[in-house]
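Here is the structure we will look at, set down as structure tokens.
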């Protein structure tokens, strides 16, 4: 499930509308301690955001907000769920 | 309980490590002038071309034969419609320019430029950007104008915002949230981008604007940047909303890049 969400996010970042990686990131962050959503946010910004003039990497910021913002809630209600072997 | 705490501690350490790694990658990219994002785009390029090949192979395999016929007809009609829109827009722009040039006793010359294919998904970007298959090796430079149509009567749809060696990132003039000073029916207005080639502007209700009018901008070298698609007037209001559209990038196979002015 976790790998599937990551794959969905990657495919969405490359081919689909921006809402797809956002959904994948949000669901992953709610369900798992999903550090990989940082990669998804970074991928969207690296693919589509020009380096100059420097502007806000919104998807990277969103991934950080989701990862750290939802962490206390996730830890409270879904302790022990990792979705990946050994995680 | 101890195992839970252990897992929690490990999890937090991993999240911190991932966050620090992210900060490091971002800093490296910034310091290298965007080299890492250029690598990411280079890596995604085969995926984009493979995606379009797979889509054609699936539609050509006959697996969805009944759907395929309808889809092909639909696609062909969409392409034809987009082409006709571009041609109609070009004709209007040329007519307007010819009138101006006659007034100035000048001569219009085809602006030299580069035709480039659109190589990325055109609707996937949250920032109103897309990739074209031409770069500095083809003479493309930062700030160059990107047109739908040719240099004579084309509509400016964007600017090159990050040129690479063989591909460049283009930012649409009407990217979501972008603001552009434009002229409609001789009146200066500020158009606000809504993405997908759409924008809107507030105009005084007394301004004589009609659907099909050409929108110009000094930020695009005085060239056309769109056409008035629709107008919404509220009774009693001093302003009316003018909806501006350009040919959607997703329906353009190629664009024309000309040097910035």
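I'd like to know if region B:178-192 contains one or more residues that are outside any strand (DSSP E or B), away from chain A (no Cβ under 14 Å) and touching a helix residue (DSSP H, G or I) at 6+ places or on another chain (Cβ under 9 Å).
No, region B:178-192 has no match at all.
If a residue counts only when it is in contact (Cβ under 8 Å) with a residue 24 or more places away in the chain and more than 24 Å from residue B:172 (Cα to Cα), which strands (runs of 3 or more DSSP E) contained entirely in region B:200-261 have at least 1 such residues?
On the way: elements: B:214-217, B:223-233, B:239-245, B:254-258.
In region B:200-261, B:223-233, B:239-245 are the strands (runs of 3 or more DSSP E) which contain 1 or more residues that are in contact (Cβ under 8 Å) with a residue 24 or more places away in the chain and more than 24 Å from residue B:172 (Cα to Cα).
Restricting region A:28-46 to residues that are more than 8 Å from the chain's Cα centre (by Cα) and more than 8 Å from every other protein chain (Cβ to nearest Cβ), which is surrounded by the fewest Cβ atoms within 10 Å (Cβ to Cβ)?
A:30
Starting from residues that are free of Cβ contacts under 8 Å to residues at least 60 places away in the same chain and surrounded by fewer than 22 Cβ atoms within 10 Å (Cβ to Cβ), keep the ones in region B:153-170 and report whichever is nearest to the other protein chains (Cβ to nearest Cβ).
B:165
Against the definition (modelled with pLDDT of 90 or more and either at the interface with another protein chain (Cβ under 9 Å from one of its Cβ atoms) or part of a helix (DSSP H, G or I) (or both)), how does residue A:8 come out, yes or no? Steps first, answer last, please.
Working: modelled with pLDDT of 90 or more: yes; either at the interface with another protein chain (Cβ under 9 Å from one of its Cβ atoms) or part of a helix (DSSP H, G or I) (or both): yes.
Spelling it out, residue A:8 is indeed modelled with pLDDT of 90 or more and either at the interface with another protein chain (Cβ under 9 Å from one of its Cβ atoms) or part of a helix (DSSP H, G or I) (or both).
I want to confirm something. Restricting to region B:24-34 and keeping residues that are exposed (fewer than 13 other Cβ atoms within 10 Å of the Cβ) and modelled with pLDDT of 85 or more, which single residue is farthest from residue A:39 (Cα to Cα)?
B:31
Which residue pairs have Cβ atoms under 8 Å apart, sit 6 or more places apart or on different chains, and have a first residue in region B:1-22 that is at the interface with chain A (Cβ under 10 Å from one of its Cβ atoms) and modelled with pLDDT of 80 or more and a second that is surrounded by fewer than 14 Cβ atoms within 10 Å (Cβ to Cβ) and in a helix (DSSP H, G or I)?
Pairs that qualify, where the first residue is at the interface with chain A (Cβ under 10 Å from one of its Cβ atoms) and modelled with pLDDT of 80 or more and the partner is surrounded by fewer than 14 Cβ atoms within 10 Å (Cβ to Cβ) and in a helix (DSSP H, G or I), are B:15/A:68; B:19/A:68.
Among (1) more than 7 Å from every other protein chain (Cβ to nearest Cβ); (2) buried (at least 24 other Cβ atoms within 10 Å of the Cβ); (3) over 9 Å from the mean Cα position of the chain (by Cα), where does residue A:49 come up short?
(1)
Quickly run through region B:148-161 and pick out the residues that are modelled with pLDDT of 90 or more and over 16 Å from residue B:244 (Cβ atoms).
Those that are modelled with pLDDT of 90 or more and over 16 Å from residue B:244 (Cβ atoms): B:159, B:160, B:161.
Only one of (1) on the phi > 0 side of the Ramachandran plot; (2) in contact with a strand residue (DSSP E or B) (Cβ under 7 Å, 6 or more places away or on another chain) is not met by residue B:191, so which one is it?
All conditions pass for residue B:191, except number (1).
Being buried (at least 17 other Cβ atoms within 10 Å of the Cβ) and assigned by TED's automatic domain parsing to the domain that holds residue B:136 narrows it down to one of B:199, B:210, so name that one.
B:199
Filter region A:11-47 down to the residues that are outside any helix (DSSP H, G or I) and more than 15 Å from residue B:15 (Cβ to Cβ) and list them by number. Spell out the reasoning first.
Within region A:11-47, the subset outside any helix (DSSP H, G or I) is A:15-18, A:32-35.
Selection gives A:15, A:16, A:17, A:18.
The values are calculated or read from the model by the stated rules, or taken from the named source; none is laboratory data. The shown structure was predicted, so the numbers you read here are calculated from the model rather than taken from an experiment. Every residue, glycine as well, gets a Cβ built from its backbone with ideal geometry; the counts of neighbours run over all protein chains shown.
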